Amino acid sequence: MSPRKKIVEHLAACFSRQDWAGMLPMVTEDFERWEVGAPTRTHGKKEFLKEMEPGPDVTKLQNDIARMFEDGNVVVAEGTVQVFLKDGKVIHVRYCNVYEFEGEQVQRLTAYTNVV
């Protein structure tokens, strides 16, 4: 597995553990995240941390990557996320994330998501 794919796997594992600080070394200072369809983009590590923090009703997260592709400085990951809530409900999300790298850090993430 390539070093960049390992970074994407590390980010997914950190997401599942809700280890937001563990993600920070993997992204650039000027990191940008955009969820397609969202009115705004996240810029920088501080905004990223704020955006990633789950709401008080979330008890657990699970991120499973189904497959990854790499071309040049881009890694594309397809997978699913389950969001477990206090009331016992589970939200299922399918995603296709496009990670653009600068060196060995993610500079930009474009997330295509669909709640199923």
Revision key, fill the gap. Expected unfolding gain across Glu78-Thr28 under the 0.36 nm per residue rule, minus the alpha-carbon gap, is 15.8 nm
Review point. With axes computed from alpha carbons, what is the tilt in degrees of helix 3-17 against the longest principal axis of the chain, rounded to the nearest 10 within 0 to 90?
Key: 20 degrees
Study note, to complete from the structure: Here the stretch 3-115 gives, from Cα atoms, an Rg and Dmax in Å of 13.5, 43
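Which of the GluC sites (Glu not before Pro) found in the stretch 42-116 are loop residues per DSSP with 15 or fewer other Cβ atoms within 10 Å of their Cβ?
Working: sites: Glu47, Glu51, Glu70, Glu78, Glu100, Glu102, Glu104; in loops: Glu104.
Here the sparse-neighbourhood loop sites are Glu104.
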Practice item. Under 25 Å between C-alpha atoms is the cut-off here; go through the stretch 3-115 and count lysine pairs that meet it, provided they're at least eight residues apart or on different chains. Key: 15
Point to revise | Interatomic Cα distance distribution for the stretch 1-63, bins of 10 angstrom, percent | key: 20, 50, 29, 2
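Could you tally the net charge around Ile7, taking each other residue with its Cβ under 13 Å from the Cβ of Ile7, Lys/Arg +1 and Asp/Glu -1? Show your work: numbers first, answer last.
Working: positive: Arg4, Lys5, Lys6; negative: Glu9, Glu70, Glu100, Glu102, Glu104.
Summing Lys and Arg as +1 and Asp and Glu as -1 gives -2.
Readers should treat all values here as calculations from the given coordinates under stated rules, not as data from a laboratory. In this text, all values refer to a predicted model and were calculated from it rather than measured experimentally. All Cβ positions, glycine included, derive from the backbone under ideal geometry; neighbour counts span all protein chains shown.
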